[in-house]
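K.L.:
This is the structure I have questions about; it appears just below.
Quick note: the coordinates plus some simple rules give every number you see, no bench work behind them. These numbers were taken from a predicted model, which means no experiment stands behind them. Backbone-built Cβ (ideal geometry, glycine too); neighbour counts: all protein chains shown.
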Amino acid sequence: MSLKKGVDFDANQIPQAIKKVGFTPGDIKATLTGTLTKVSQTDGQPERIALKMGESDQQNYILLENESLEARLKQHSTGESIPLTGMLSVYKNKHFVWLLPESKTQQKVTSLKGQFLNRGNGLVFKNGSDEYLVLENALREQVEKTKPSPDKKWSVKAFTTQYQGKKYIFLKKV
C-alpha cells in the first residue's frame, strides 16, 4: 500500500494507513467516492449523513457536521454517488470525514482557551459565551479519557464551523 499523494488505494486499507502514519487529525487527506446515506447511531443519537463505500459498516465514513457538508447537501441528496475530499478521523473505532471546502482556500486553524464540559448532547468546548459541540476524532477521545472538569482551562487549536445553526469544533491540537 502506498501513502503517496495522488495514489489510489482500496478503502479497506484506510484504517491500516491511519495507524501506519501515527495518525493525528488532519494528517490524512483523501478523496473518497461513495453513496450518500444516513446511518443510525447505536448510542441513541439521531441519524447522521455518511459516505457508504462498500457493504461493510467499516466502509461507512460519517461526515462531520461543518459548513462544507451543509453546502454539499444543498447540491446532492442521499442515494447519490459522489466524490468527497476531506480529512480522515477515527473515534472509538468508527471512521469520520471532515469535509474540506470545494474552493482551494485553506481552512484557518483557530486558537481558543476554555473548558470542556459534558452535556447531554456530548462533549462541549466553552470559550467565553460561545459553546462548540466537539466533533469526533482521536483528540476528542483523548480529552474524554482525562474526564474533563469545568475548573480546568484548556488551550486548543481547532477548526471552528457552523452547521444548521449550531457551532462545532474539530480539534487539531490540545
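K.L.:
Please give the contour-minus-distance gain from E141 to T105: 0.36 nm per residue of separation, less the Cα-Cα distance, rounded to one decimal in nm.
P.N.:
Between E141 and T105, full extension yields an extra 10.1 nm.
K.L.:
Let me ask something additional. What distance in nm separates the two pseudo spin-label positions at V174 and K29, each 7 Å out from Cα along the beta-carbon direction?
P.N.:
Once both label points are built, they end up 2.5 nm from each other.
K.L.:
Report the extension gain between S40 and D151 in nm, rounded to one decimal, defined as 0.36 nm multiplied by the number of residues separating them, less their alpha carbon distance.
P.N.:
36.5 nm
K.L.:
Mind scanning K94/K166; K145/K166; K126/K172; K126/K153; K29/K147; K29/K113 and naming the pairs with a C-alpha gap bigger than 20 Å?
P.N.:
Long pairs (Cα-Cα over 20 Å): K94/K166; K145/K166; K29/K147; K29/K113.
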